[in-house]
Protein chains: 2
Amino acid sequence: MFMISFTEENYLKALLRISFDSGETGVGTNELASHLGVKPATANDMLKRLRDKALVDFEKYKKITLTREGKNIATEVIRKHRLWETFLYEKLEFSWDEVHDVAEQLEHIQSSKLIDKLEKFLDYPAFDPHGDPIPSKGGELTKQFRKTLLDIPVGQLCKMVAVKDNSSAFLQYVVKVGLGINNEIYVQSRQEYDALMVIEVNGVASSVSEKFAENIYVV
Amino acid sequence: MFMISFTEENYLKALLRISFDSGETGVGTNELASHLGVKPATANDMLKRLRDKALVDFEKYKKITLTREGKNIATEVIRKHRLWETFLYEKLEFSWDEVHDVAEQLEHIQSSKLIDKLEKFLDYPAFDPHGDPIPSKGGELTKQFRKTLLDIPVGQLCKMVAVKDNSSAFLQYVVKVGLGINNEIYVQSRQEYDALMVIEVNGVASSVSEKFAENIYVV
DNA sequence: TAATTAAGTTAGACTAATCTAACAATTTTA
DNA sequence: TAAAATTGTTAGATTAGTCTAACTTAATTA
Ligand SMILES: [Mn+2]
Ligand SMILES: [Mn+2]
Ligand SMILES: [Mn+2]
Ligand SMILES: [Mn+2]
């Protein structure tokens, strides 16, 4: 049980997120680097250190995978991140587009007592403000196949359950379109050429791009 | 408005605390270093950097003082620290000897919105769980002359208002003696030789050392 | 006041995390 | 399959924060 730094935690979290989102086990160096906003050389150096600590499996020129221990740490960081987001949203009246950046800092506070007490204080929430599931203590990140708005055919009704992009810019745009978690969406039409959709939410119609639609998870 | 690191914040806070506790404006390099658990050489290096950023006034071989800006930052860190301690104690049911170490991390989270919302959530508390005053937003750390238990003559009654030492070891000891904030203390006797005191709290008598007594603030 | 002790500084080294520039391996594509 | 493009690695440099060991200045004391 050695010390794990703020930065190392971010690398582990990124590896889990990327493989989770892509559906593949292995992650590439460039992919990881661009996700973290660092240069590939930097990521490569860090990967060697994480390998020394037995947190990743990684051979020269091959894809990177998390070890059991690496995955546990990454899951714990995500758990903390989502619990803090829930706290900010539920208790401190932050809006859902403001919580992510602050949680990015809070997720690195080291105290298992703190996070357990926080979870209890929030009454064991299952989802964060963006609809993402909160892993339980020592638990796994459950892989759920989620459809996006892009998969919904014209004329069908669906319900928004989560967002993929957590950036403030995107979330504010979602609000502007009148959308939020648990809102019903009716797909009025879709352009063949550029997948531009017209959707109806609470009686109001809006046009949304392909990029927008693929960031909205629905059921 | 440049970036200020976690470490720099700790140095500024230490400078304010030391000068506050000693009653003197200037702080020495060794004093600062030992307070932070680093070597004097390390503190000396950091002081040069803080001087470059105009956060301290410091000439070779002279005492160190905070600039206006340095003092503001230090006060803000202390404000955050005490608000977080109050949150942990009041809302998350931490005991008063557990809050300090976690707050030592939380005090460095950068978000003025967060701390303002937290303060509101806690309903603008004036004191932290150890009886220390919480500075208001943009406010000063008010210098109050506080007597310690050591100053109370035999046969007199006083009331505990705060503790000086915030360490877990000391605080647990305080609880064991049956003491807490706002408890009344009756001074039964004192040894001339080593200042060992016998005090009575809620009908129970205990012997306490000079070191113990000087860490209890009373009125 | 001179010697001794305490306080403070400098030089040189180390680690973590980052970069740029050059190079190597792998994969894609013509 | 050979060339081109993509992906990944290495070497060398930088900055923040830390250390040890040697040195200098200031303060205390005999
Ligand atoms: Mn988030
Ligand atoms: Mn983070
Ligand atoms: Mn404290
Ligand atoms: Mn701190």
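The values are calculated or read from the model by the stated rules, or taken from the named source; none is laboratory data. Keep in mind the model is a prediction, meaning the values are calculated, not measured. Virtual Cβ from ideal backbone geometry, glycine too; neighbours counted across all protein chains shown. Protein only, heavy atoms only, side chains kept; ligands, DNA and RNA dropped before computing areas. Shrake-Rupley method; radii C 1.70, N 1.55, O 1.52, S 1.80 Å.
A compact table of results
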{"item": "Single residue of A:Ser95, A:Ser111, A:Ser167 found to be open to solvent by less than 50 Å² (accessible area, probe 1.4 Å), outside the structural domain of A:Tyr11 (by TED's automatic domain parsing) and within 16 Å of ligand 3 (Cβ to nearest atom)", "result": "A:Ser111"}
{"item": "Qualifying residues in region B:77-106 (those that are within 22 Å of B:Leu179 (Cα to Cα) and β-branched (Val, Ile, Thr)) - the one nearest to DNA strand C (Cβ to nearest atom)", "result": "B:Val99"}
{"item": "Single match in B:Val201, B:Val161, B:Val218, B:Val154 (criterion: at pLDDT 90 or above, under 30 Å from B:Glu93 (Cβ atoms) and surrounded by fewer than 18 Cβ atoms within 10 Å (Cβ to Cβ))", "result": "B:Val201"}
{"item": "Residues located in region B:62-82, provided they are farther than 25 Å from B:Asp52 by Cβ and within 11 Å of ligand 3 (Cβ to nearest atom)", "result": "B:His81, B:Arg82"}
{"item": "Pick from region B:53-76, criterion within 16 Å of DNA strand C (Cβ to nearest atom) and open to solvent by less than 40 Å² (accessible area, probe 1.4 Å), ranking: farthest from B:Gly26 (Cα to Cα)", "result": "B:Leu55"}
{"item": "Only one of B:Gln156, B:Gln188, B:Gln144 that is without any contact (Cβ under 8 Å) to a residue 12 or more places away in the chain and not hydroxyl-bearing (Ser, Thr, Tyr)", "result": "B:Gln144"}
{"item": "Single unsatisfied condition, A:Leu50 versus (1) within 16 Å of ligand 1 (Cβ to nearest atom); (2) not in a loop (DSSP other than H, G, I, E, B)", "result": "(1)"}
{"item": "Failed item in (1) at pLDDT 95 or above; (2) within 18 Å of the chain's Cα centre (by Cα), with A:Thr142 passing the rest", "result": "(1)"}
{"item": "Region A:25-52 - residue that is in contact (Cβ under 8 Å) with a residue 24 or more places away in the chain and exposed (fewer than 15 other Cβ atoms within 10 Å of the Cβ) and, of those, nearest to A:Glu140 (Cα to Cα)", "result": "A:Thr25"}
{"item": "Hits in region A:95-144 (condition: part of a helix (DSSP H, G or I), within 11 Å of ligand 1 (Cβ to nearest atom) and not small (Gly, Ala, Ser))", "result": "A:Val99, A:His100, A:Asp101, A:Val102, A:Glu104, A:Leu106"}
{"item": "Count of region B:72-100 residues which are modelled with pLDDT under 95 and facing another protein chain (nearest Cβ under 10 Å)", "result": "0"}
{"item": "Selection from region A:114-150 of residues that are away from chain B (no Cβ under 14 Å), open to solvent by 40 Å² or more (accessible area, probe 1.4 Å) and in contact with an Asp or Glu (Cβ under 9 Å, 6 or more places away or on another chain)", "result": "A:Ser136, A:Lys137, A:Gly138, A:Leu150"}
